[in-house]
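K.L.:
I'd like to ask you about the structure that follows.
The values are calculated or read from the model by the stated rules, or taken from the named source; none is laboratory data. Note that this is a predicted model, so its numbers are computed, not measured. Here the Cβ positions follow ideal geometry from the backbone for every residue, glycine too, while neighbour counts run over all protein chains shown. All accessible areas refer to the heavy atoms of the entire protein, side chains included, with ligands and DNA or RNA removed. Shrake-Rupley method; radii C 1.70, N 1.55, O 1.52, S 1.80 Å.
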Amino acid sequence: MQKDVLQTADRPRRVVVTGYGAVTPLGMNSAESWAAIMDYTPGYRYCDKSAAGIKSRFYGLIDHEPSLKGVPAAIRRRLPRYARLTLASAREAMQMAFGDDKPEQFYDLRDCGVIMGTGWAGQDETQLHYEDYLRTGMGSPFGCFFSMPNSATAAVSLLWGLRGYQNTPVAACATGTIAVGDAFELIRSGRASMMLAGAGESLRSDSAVWNIDVLGALASEQEEITRACCPFSLHRNGFVLSEGAAVLCLEERESALARGANILGEILGYGNFSDAFDFTAPAGDKIARVQTIRHALEQAGIAASDLDYINAHGTSTPLNDLNETEAIKIALGETVAYATPCSSTKSYTGHLIAAAGSFESIVCLQALEHQIMPATCHLDAPDPACDLDYVPNVHRPALLNTTLNLSFGFGGANAALVIGRGK
């Protein structure tokens, strides 16, 4: 046993992706979401909430409930919407990874874990059920579970009996990337062999939306959808709030190959550093963002020039897009930065908040599979200060082997993943 531990420490295990799933405003699964991006179809639309004192007019909403057929009622009835979206995404990821097989056919379930994050959990349901109680005098016995940030983590663990490592990161807009990155580290170190990792978010109630709108963070555009979410544009004016979830199945590479799994990609490196500056604004010195990128590249064992594509955080906010542009230049060096295509797929999804990073990790995997870089749509008037190659408006075929996914969140959270083809 000691020899095995030393070998693991000397040569970290490789971590591959064998499945993924997503429910977004673009589609009810990952394939539909990718197809909408390829068809240049945004997932957000006009929605007037002015009667509630909300100024923002565009939102990415999911019109249908994902199917949870076959999920026991004891699990299903305890889940707020963000957790239902997350569980549906996890089911797609598991189906892609294992088909009709079960993880216990290949792994000790104590080596299989769950990391599902969220930013604001079941705020909507918590308020609604309390209001129902005040009106009727009858309260739901499930109200506590709706407000638990780890309800999705618990549901995923329960459904498949995954008895290994469990955690629930809450890191605003960087949550999904942190969930995947932490799962990567666990498998890489030998602590786990298989992990489900991702995040979900659903904020639809007027009170939840108002809490963000009042900060001035949401898009102020009142009429034109092409200006509601236009990352790196002169016209950018805030982010479009969206709901959704995305989950990846990660496995130790040799174990995945031994069971005949289809390798969809490989997590090569992970960075996570804090601004320690402000609750909402990015740090002007960009130290943490730069170090996040550099650490991910260093762990991946690649040079900046080896990157073929960057999926930028690209929120369409004045502060982030400029700060991110400058951080990429510093981290990669200006020559490499100008030569490396980047794009923001939030121009299609809006901002999935906690789920943004895990969904954009899936976008990187799909870009690698299809050998195409998704464009930044609505980029008709680029900000001269945001002067990198942001793949404006038209998708670009390319030879892709290595991608970088960037996520930055309120509270100064910064996370990055280097994702390769894994062949």
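K.L.:
Find which of HIS351, THR325, THR340 sits farthest along the positive direction of the dipole of the range 304-362, computed with +1 on the beta-carbon of Lys and Arg, -1 on that of Asp and Glu, about the Cα centre.
P.N.:
Highest projection toward the positive end goes to HIS351.
K.L.:
As an exercise, use a Förster radius of 25 Å and the Cβ-Cβ distance of ARG77 and ASP206 to find the FRET efficiency, rounded to the nearest 0.05.
P.N.:
Between ARG77 and ASP206 the formula returns 0.50.
K.L.:
Shifting gears a bit: With unit charges on the beta carbons (Lys and Arg positive, Asp and Glu negative) and the dipole taken about the Cα centre of the chain, which residue among PHE146, SER255, TYR20 sits farthest to the positive side?
P.N.:
My answer, from the dipole projection, is SER255.
K.L.:
Okay, next question. If I take every Cα pair under 8 Å that is 6 or more residues apart in the range 357-422, average their sequence separation and divide by the length, what percent do I get for the relative contact order?
P.N.:
36
K.L.:
Expressed in nm to one decimal, what extension gain is obtained for the pair GLU65 and SER189 from 0.36 nm per residue of sequence separation less their Cα-Cα distance?
P.N.:
Answer, rounded to one decimal: 40.9 nm.
K.L.:
I need two numbers for the range 271-333: Rg to one decimal and Dmax as a whole number, Cα atoms only, in Å.
P.N.:
Cα only, the range 271-333: 11.8, 34 Å (Rg, Dmax).
K.L.:
Let me ask something else about it. For the chain, what does -39500 (n - 2.57) per DSSP helix run (n ≥ 4), summed and divided by total residues, give at 222 nm, in deg cm²/dmol to the nearest 500?
P.N.:
Rounded to the nearest 500, the figure is -10500 deg cm²/dmol.
K.L.:
Taking the chain as a Gaussian network, where each spring joins two C-alpha atoms under 10 Å apart, which residue of LEU61, LEU159, LEU307 fluctuates the most?
P.N.:
LEU159
K.L.:
Sticking with this structure for a sec: If you find the alpha carbon centre of the range 352-378 and of the range 202-258, how far apart are they in angstrom?
P.N.:
13
K.L.:
Which value results for Rg/Rh of the range 182-319 when Rg is the Cα radius of gyration and Rh the Kirkwood radius based on the inverse mean 1/r?
P.N.:
1.03
K.L.:
Note the full-extension length gain between PHE277 and SER147 as 0.36 nm times their separation in residues minus their Cα-Cα distance, in nm to one decimal.
P.N.:
The PHE277-SER147 span can extend by a further 44.0 nm.
K.L.:
Run the numbers on the range 226-290 and let me know its relative contact order in percent, using alpha-carbon pairs under 8 Å that are six or more apart.
P.N.:
Relative contact order of the range 226-290: 15 percent.
K.L.:
If R0 is 51 Å, what FRET efficiency do you get for GLN95 and ALA385 from their C-beta distance, rounded to 0.05?
P.N.:
For R0 = 51 Å, the calculated efficiency reads 0.70.
K.L.:
Of LYS286/LYS423; LYS49/LYS346; LYS69/LYS423; LYS102/LYS346; LYS49/LYS286, which sit over 26 Å apart, Cα to Cα?
P.N.:
In this structure, LYS286/LYS423; LYS69/LYS423; LYS102/LYS346; LYS49/LYS286 exceed 26 Å between Cα atoms.
K.L.:
Which percent of the accessible area of the chain is formed by carbon and sulfur heavy atoms (probe 1.4 angstrom)?
P.N.:
Exposed carbon and sulfur together represent 53 percent of the surface.
K.L.:
For the range 113-267, what is one quarter of the convex hull surface built on the Cα atoms, given in nm²?
P.N.:
12.5
K.L.:
May I have the convex hull volume per residue, in Å³, for the Cα set of the range 1-142?
P.N.:
Hull volume normalised by residue count: 206 Å³.
K.L.:
Let me cross-check LEU399: its accessible surface, 1.4 Å probe, with only protein heavy atoms counted, in Å² to the nearest 10?
P.N.:
Taking all protein chains as shown, LEU399 has close to 130 Å².
K.L.:
Rolling a 1.4 angstrom probe over the protein heavy atoms, how many square angstrom per residue are accessible across the range 94-210?
P.N.:
43
K.L.:
Please work out the ratio of the alpha-carbon Rg of the chain to 2.2 N^0.38 Å and round it to two decimals.
P.N.:
Compared with the compact-globule rule of thumb, the chain sits at 0.93.
K.L.:
Out of HIS129, PHE277, GLY238, whose Cα points farthest toward the positive end of the dipole of the chain (charges: +1 Lys, Arg; -1 Asp, Glu; placed on Cβ)?
P.N.:
HIS129
K.L.:
Let me ask you something else. State, to one decimal in nm, how far the label point of LEU257 lies from the label point of LEU319, with both points 7 Å from Cα in the Cβ direction.
P.N.:
Each label point lies 7 Å from its Cα, and together they span 4.6 nm.
K.L.:
If you don't mind, there's one more thing I want to ask. About the Cα centre of the chain, what is the dipole size in debye to 20, counting +1 per Lys and Arg Cβ and -1 per Asp and Glu Cβ, all else neutral?
P.N.:
940
K.L.:
Next question. Are there any helices in the chain, counted as whole DSSP H runs, that stretch 18 Å or more along their axis by Cα and score at least 0.5 on average by Kyte-Doolittle, and if so which?
P.N.:
In the chain, the long hydrophobic H runs are 175-189, 356-370.
K.L.:
For the range 272-423, compute the orientation-averaged projected area of the C-alpha convex hull (one quarter of its surface), in nm².
P.N.:
8.1
K.L.:
With a 1.4 Å probe and all protein chains kept in place, how do LEU109, LEU203 rank by accessible area, largest first?
P.N.:
LEU109, LEU203
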